[in-house]
Structures are given as C-alpha cells and as structure tokens.
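*Asks:* Before I ask anything, let me first share the structure, which is written out below as structure tokens.
The values are calculated or read from the model by the stated rules, or taken from the named source; none is laboratory data. Keep in mind that this is a model prediction, so the values were computed, not measured. Heads up, the Cβs are rebuilt from the backbone with ideal geometry, glycines too, and the neighbour counts pull from every protein chain shown.
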Amino acid sequence: MFLEVNELTVDFHTEDGVVHAVDRLSFQVERGSTLGIVGESGSGKSVTNLAVLGLHNPETAKISGSITFDGQELIGASRSTMEKLRGDRIAMIFQDPLTSLSPFHTIGAQIAEVYRKHKGVSRSSARDRAIEMLDRVGIPQPKLRVDDYPHQFSGGMRQRAMIAMALVCDPGLLIADEPTTALDVTVQAQILDLLSELQEQSGTAIVLITHDLGVVASTAHNVLVMYAGRAVERGTMREVLREPRHPYTWGLLGSMPSLRRPVDLPLAPVRGTPPSLINLPSGCPFHPRCDYVRLLGEQVCAGERPELSPEHGHGDACYLTLKQKAELRDRPVEET
Ligand code: SF4
Ligand code: MG
C-alpha cells in the first residue's frame, strides 16, 4: 500500500490537560486514488495529516503508531528526511493560499524555488517548469502571468497557483486540507475537477480533508468519516453515500440537500457541538449528540467504546445492528 497509517495516536500536552486529538486511527491510500477525510473541525483530520507531513512539534505532540509512505516509516524519521520528502514526494495545499504564498515574491519565482530546491536545476529551467505548471493548472497566458505577484491573482487563480507549486516536483502523494473552502461554489467545482484531471494524468494519490461531504462526493474514491479523533465510518464513496451506517454520517448527509433530503425539508446540521478532546465522553464519543441512544440504552452507548468493524471494507463504529441501520437511515430523525 502506498500510504498506510496504523493505529496513529496523537496527544498534545497542554496546561489544561492532555488533548486526545487522534486515537488509534488506521487508513490506507492506494497510488492514484483519493481518500476523502471528512469531519467537523476538531475531529482530528488536520492533526492526522500534519503527522503524515512530519510537521508536529515533538516537544508538545506525542505521536505513536505507524505511518508508512511507499514502504518508508515516517514516524520518528529525521527532520532532514522529512524536509526532503515534503514538497518533493509528498506535497500539500491548504485552505488559504495567501498564508502559504509570500506576497513579496512573484508566483513564478515561488514555484521555481520549490523545483530548484528539490531537483537542483538551473534558474532558467526552473522558470520554464513554472510556466509549464501554470499552463497545466489552467492559468491563461502563463508566460505573462509567471511574473505576477499573488495579489494580482484572483482567489481561484491563487489556489491554482498553489496546486502548480504543490505538483511541480511530481509528488506521489498530495495532501489537500480544505483546498476549496475559501472559494465560491463555481470556482470550488473547477478546482476539484482540476485536481481529478491532474490525478488522472500523473497518478498522484490524494488525501482530501474537508468538513463538506459534498466535496468528497464529487472527488474521492474512498471516504473516512472522523469524529473526536477517531474513524467512525470508512468505505468506498459509493458505500458511504448510498448506505451510510453511522448516525454521525447520517447527520453530515442530512445537511447535504442534493443527496438525501427532499428539497422542501430544512437543512439539518448535526445538532449539538463536538466534545472536548480533553474530557472525551465515555463509550461511543458521539453518544451525547446521538438520537439513537434510546434504542440501545445509555449503558450500551456510554459503556465500552465501539470499534470500527468489520476490519476491512465498509465499516463503522456503532452498536446498532446492520438491520437497524438500514431501517433508520432512510427515515428523517424525529424530534426528541
Ligand atoms: Fe449512537 Fe450508540 Fe451508535 Fe454511538 S453506538 S452512534 S451513541 S447508537
Ligand atoms: Mg482543519
């Protein structure tokens, strides 16, 4: 497997106590495929991927488990190993290009710089490569725009430039953290199409982090739904969208008008708020917000922690039976 995360646990030691940001998380990403990691903020999505990138501060973050990338263990890898990998074989794009692009350098210089750093080529061939990349991500007149500064680009074009910079070294893995959240819906769709198109050409594996299942629906092959630092559902995109099993996933899908709800029903965001990661609820971490605890009883849902099962394929972490899940998921939630 190209990227394999096993029993990843990330704790942060803070003045208020230990923050259990990620708890025994496992997932895999194949070459050329996209895994969507979905959850609310604070669910551990970004923390997980910063761990893959080796970007946590070892003074505050305690990380255990295993992350192998193309056969190489990344947990405990040296700083220089990670610096060599980052930007070259593992690339990333974030929500807001303005925080990742320097306002003082031209777009072209910033893309060329990444290429030079990792490939050691001459300035002029790095510049040619920057122009080629701008062209590939659909920036019109790339030979002219290569000398523009970030503020001369629109939000959508800046995100394209970020993608150009991320892909300049032809990475095997791209981590995209909320890459379209700051963009309007039309531009969002264009950026997601672009990512899929580039993936088809290059075979890059993508981990797409988002709070929006709609983004995953249009782009990802596989989906991992995270809640309170744990995986609560995993499967192919089809499985999770068509036969979602975990009540939290139903909640997320309930807030997607196009897929599951009749258009005249009001949107229903998942009620309540995510739990404190310092004081996690006992048992199923979703139980304080779950509408189905009454079916199983508090002693079950707040007792032992449900594990993700089955071990492979479409799985979820909830004690309801498959039959109950099948019956319940198509019914709108009653007010309780
Ligand atoms: Fe809800 Fe209980 Fe299932 Fe957790 S285990 S999702 S609380 S029904
Ligand atoms: Mg985040």
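*Asks:* Can you say whether Arg127 is at pLDDT below 95 and surrounded by 18 or more Cβ atoms within 10 Å (Cβ to Cβ), as far as the supplied structure shows?
*Replies:* Here the answer is no, as Arg127 does not meet what is asked.
*Asks:* Which ranges mark the strands (runs of 3 or more DSSP E) fully within the range 1-118 that have 3 or more residues being farther than 27 Å from Leu134 by Cα and of a type in the set (Val, Ile, Thr)? Can you show your working first?
*Replies:* Working: elements: 3-14, 17-29, 34-38, 61-69, 90-93.
Those strands (runs of 3 or more DSSP E) span 3-14, 17-29, 61-69.
*Asks:* Next question. Out of Val207, Val187, report the one residue that is within 24 Å of the chain's Cα centre (by Cα), under 22 Å from Ser33 (Cα atoms) and more than 16 Å from ligand 1 (Cβ to nearest atom).
*Replies:* Within the list Val207, Val187, the selection yields Val207.
*Asks:* To continue, here is another question. Which condition number does Glu40 fail, the rest of (1) within 16 Å of ligand 2 (Cβ to nearest atom); (2) surrounded by 20 or more Cβ atoms within 10 Å (Cβ to Cβ) being met?
*Replies:* Among (1) within 16 Å of ligand 2 (Cβ to nearest atom); (2) surrounded by 20 or more Cβ atoms within 10 Å (Cβ to Cβ), Glu40 violates only (2).
*Asks:* Same structure, new question: Just one of the numbered conditions (1) of a type outside the set (Lys, Arg); (2) assigned by TED's automatic domain parsing to the domain that holds Glu178; (3) surrounded by fewer than 16 Cβ atoms within 10 Å (Cβ to Cβ); (4) at pLDDT below 95 is not true of Gly71; which one?
*Replies:* All conditions are met except number (4).
*Asks:* Still on this structure, please answer the following. I'd like to check which strands (runs of 3 or more DSSP E) are fully inside the range 193-303 and have at least 1 residues that are modelled with pLDDT of 95 or more and not hydrophobic (A, V, I, L, M, F, W, C). Lay out the reasoning, then the answer.
*Replies:* Values: elements: 205-210, 222-227, 230-236.
Where strands (runs of 3 or more DSSP E) fall fully within the range 193-303 and carry at least 1 residues being modelled with pLDDT of 95 or more and not hydrophobic (A, V, I, L, M, F, W, C), they are 222-227, 230-236.
*Asks:* On to the next question. Of all residues in the range 284-305, how many are closer than 16 Å to Glu233 by Cα and in contact with a helix residue (DSSP H, G or I) (Cβ under 9 Å, 6 or more places away or on another chain)?
*Replies:* 4
*Asks:* Given the conditions (1) of a type outside the set (A, V, I, L, M, F, W, C); (2) in contact (Cβ under 8 Å) with a residue 40 or more places away in the chain; (3) part of a loop (DSSP other than H, G, I, E, B), report the number of the one that Asp170 does not fulfil.
*Replies:* Against the list (1) of a type outside the set (A, V, I, L, M, F, W, C); (2) in contact (Cβ under 8 Å) with a residue 40 or more places away in the chain; (3) part of a loop (DSSP other than H, G, I, E, B), Asp170 comes up short only on (2).
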